[in-house]
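Undergrad: Have a look at this one.
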Amino acid sequence: MEKRIDPEDMFKSIWEFPDNLNEAFELGNSIILKNTYSDIKNIVVAGMGGSAIGGDVLASLESAKLNIPLIVCRGYTLPNWVSDKTLVICSSYSGNTEETLCSLDDAINKKAQICGITTGGKIGQKINDLGYDLVKIPSGLQPRAALAFSFVPMTKLLEKIGILKPGINKWLKSLIINLEEKRKIYSEENSQNPVYYLSEKIYKKIPIIY
């Protein structure tokens, strides 16, 4: 796609989404916990922007399988009810998100059970230094294009902790195959491609979606 139309190369990011899912799946399978988790009564995913969306997707897709509440917290502080029976997952792609770093400090003060998903940064450093479990994900993506690396490892993390029964393996592979087929269809530059047709219609316009 022409650089003037797609200066941030989002086409490439979308094209690679199935590949990211596959890589994230392998990464999730490789998680080895160094801590034990017990008597967890609720889960908080602390994150902002694209890093928080992984928690939203997890809460939506796995809600029927979760026996405890899961909320996504976007902000500087965690709810007052967070305690040593709360699992707090700090999700920050850069590892330097100010709000998530503050939420991590709040989780530590509240003696929550903590783990993190990040490429590194201050959050990754602090989680490592304090001996919490850390899932390190690949860098080099735009945070909003890194959904695969926030959602899939988060799901595998909950499986390994024992909060979720193993299940993502069953449908993720078929999803990847389906997306690989769809991306070929939707990347063709002709009017038979509904995505290309729509993009031509809205080019240089501001769409209002409600």
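The values are calculated or read from the model by the stated rules, or taken from the named source; none is laboratory data. This one's a predicted model, so the numbers in the text were calculated from it and none came from an experiment. Positions of Cβ are backbone-derived with ideal geometry, glycine not excepted, and every protein chain shown enters the neighbour counts.
Undergrad: Scanning for something of a type outside the set (Ser, Thr, Tyr), assigned to a loop (DSSP other than H, G, I, E, B) and out of contact with any helix residue (DSSP H, G or I) (no Cβ under 8 Å at 6 or more places or on another chain), does the stretch 125-134 turn up at least one residue? Spell out how you get there, then give the answer.
TA: Step one: of the stretch 125-134, the residues of a type outside the set (Ser, Thr, Tyr) are 125-131, 133-134.
Restricting the remaining residues to those that are assigned to a loop (DSSP other than H, G, I, E, B) gives 130-131.
Still in the running and out of contact with any helix residue (DSSP H, G or I) (no Cβ under 8 Å at 6 or more places or on another chain): 131.
Yes, the conditions are met somewhere in the stretch 125-134.
Undergrad: Which one of these does residue 100 not meet: (1) assigned to a loop (DSSP other than H, G, I, E, B); (2) hydroxyl-bearing (Ser, Thr, Tyr); (3) closer than 15 Å to residue 73 by Cβ?
TA: Evaluating residue 100 over (1) assigned to a loop (DSSP other than H, G, I, E, B); (2) hydroxyl-bearing (Ser, Thr, Tyr); (3) closer than 15 Å to residue 73 by Cβ leaves (1) as the failure.
Undergrad: Residue check: is residue 82 at negative phi and under 14 Å from the mean Cα position of the chain (by Cα)? So that I can check it myself, show each step before the final result.
TA: On the way: at negative phi: yes; under 14 Å from the mean Cα position of the chain (by Cα): no.
Judged against the criteria, residue 82 is not a match.
Undergrad: Just to verify a result, which residue in the stretch 111-134, among those that are among the hydrophobic types (A, V, I, L, M, F, W, C) and under 17 Å from the mean Cα position of the chain (by Cα), is farthest from residue 101 (Cα to Cα)?
TA: 134
Undergrad: Also: What pairs come up if the first residue lies in the stretch 141-156 and is touching a residue at least 60 places away in the same chain (Cβ under 8 Å), the second is among the hydroxyl-bearing types (Ser, Thr, Tyr) and surrounded by fewer than 24 Cβ atoms within 10 Å (Cβ to Cβ), and their beta carbons are under 6 Å apart, counting only those six or more places apart or on different chains?
TA: 145/13
Undergrad: Could you say which residue among 56, 106, 39, 84 is part of a helix (DSSP H, G or I) and within 19 Å of residue 163 (Cα to Cα)?
TA: Working: 106 fails: within 19 Å of residue 163 (Cα to Cα); 39 fails: part of a helix (DSSP H, G or I); 84 fails: part of a helix (DSSP H, G or I).
None of the other options fit; the residue is 56.
Undergrad: Pick from 76, 93: which is surrounded by fewer than 17 Cβ atoms within 10 Å (Cβ to Cβ), of a type in the set (Phe, Trp, Tyr) and at pLDDT 95 or above? Spell out how you get there, then give the answer.
TA: Values: 93 fails: surrounded by fewer than 17 Cβ atoms within 10 Å (Cβ to Cβ).
Result of the check over 76, 93: 76.
Undergrad: Something else about it: Across the stretch 21-36, what is the number of residues that are assigned to a helix (DSSP H, G or I) and either of a type in the set (A, V, I, L, M) or more than 26 Å from residue 178 (Cα to Cα) (or both)?
TA: Of the residues in that region, 3 qualify.
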